[in-house]
1. Inspect all residues belonging to segment 5-22 and state whether any of them is loosely packed, with under 14 Cβ neighbours inside 10 Å, assigned to a loop (DSSP other than H, G, I, E, B) and not basic (Lys, Arg).
2. Which condition number does THR70 fail, the rest of (1) open to solvent by less than 50 Å² (accessible area, probe 1.4 Å); (2) at pLDDT below 95; (3) touching a helix residue (DSSP H, G or I) at 6+ places or on another chain (Cβ under 8 Å) being met?
3. Read through the list (1) surrounded by 14 or more Cβ atoms within 10 Å (Cβ to Cβ); (2) over 30 Å from ASP138 (Cα atoms), then give the number of the only condition that ARG77 fails.
4. For segment 170-179, does any single residue satisfy the condition of being of a type in the set (Phe, Trp, Tyr) and at pLDDT below 65?
5. Cβ-Cβ below 7 Å, separation at least six or inter-chain, first residue in segment 143-166 and acidic (Asp, Glu), second part of a loop (DSSP other than H, G, I, E, B) and open to solvent by less than 40 Å² (accessible area, probe 1.4 Å): which pairs?
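The values are calculated or read from the model by the stated rules, or taken from the named source; none is laboratory data. Everything numeric here is computed off the predicted structure, so don't read it as measured data. Note that we place each Cβ from the backbone using ideal geometry, even for glycine, and neighbour counts take in every protein chain shown. Side chains are part of the model used for accessible areas, which takes the heavy atoms of the whole protein and leaves out ligands, DNA and RNA. Shrake-Rupley method; radii C 1.70, N 1.55, O 1.52, S 1.80 Å.
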Amino acid sequence: MSYELNENDLNRIYSALASEVQRHFNITPAAIVFRAAGLLPSGDQQHWAPMMSSLDTQFRGFSPGEKLRTVRILAQRLVEGRPETRDSVAALLRGHGFQFVDGAFIPVSFFDNREARYLPPSALSEISTALGRLVAGDPDGALASACSAVESAAAQVYRTKSLGDITKEALCNMSGSNFR
């Protein structure tokens with residue numbers, strides 16, 4: 001199972017991430033984030049429009065491989081930041097049909113949306129992580145994330161049905177180490 005981002009995906013992800021940089025940073029720190037991703041802000045760096053215009057032009061001129069590298073670094077810089085930035089980026093990417101998991105953009109469409117709408121967001125995130133790890137060739141990590149998704153969903157059931165606090169003993173406790 002693998003997914004290769006096409007040019008439209010890369011452009012859409014870049015635009016979404018660039019909007020988050022603008023939203024969460026002042027212009028000087030934003031320029032630093034863009035430089036880290038391989039873009040060189042030029043011209044007037046006291047106003048957003050000219051700076052973003054120069055960055056957008058550079059990004060459009062990149063090869064698909066360069067674009068992918070740039071959006072990965074941008075996403076990584078954003079998700080390593082403050083929790084509110086990380087959550088905002090995750091929600092925006094999800095709105096565009098992607099999750100950023102372990103350095104990879106995983107399409108939400110890998111899930112059957114009929115079932116995904118019934119999962120708690122934390123379980124959906126863990127399933128995304130499991131898929132990303134599986135695609136990356138890490139079956140142990142995928143299993144651990146899938147087990148976390150089950151635990152998260154079970155905890156949600158306990159909360160919504162007022163069954164008290166769920167304990168590890170109440171679960172199947174399927175950690176990757178128990179399967180080796």
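1. Checked segment 5-22: at least one residue is loosely packed, with under 14 Cβ neighbours inside 10 Å, assigned to a loop (DSSP other than H, G, I, E, B) and not basic (Lys, Arg).
2. Evaluating THR70 over (1) open to solvent by less than 50 Å² (accessible area, probe 1.4 Å); (2) at pLDDT below 95; (3) touching a helix residue (DSSP H, G or I) at 6+ places or on another chain (Cβ under 8 Å) leaves (2) as the failure.
3. Only one criterion in (1) surrounded by 14 or more Cβ atoms within 10 Å (Cβ to Cβ); (2) over 30 Å from ASP138 (Cα atoms) is unmet by ARG77, namely (2).
4. Yes: segment 170-179 contains one or more residues that are of a type in the set (Phe, Trp, Tyr) and at pLDDT below 65.
5. As it stands, the answer is GLU151/LEU171, since those pairs meet every condition given.
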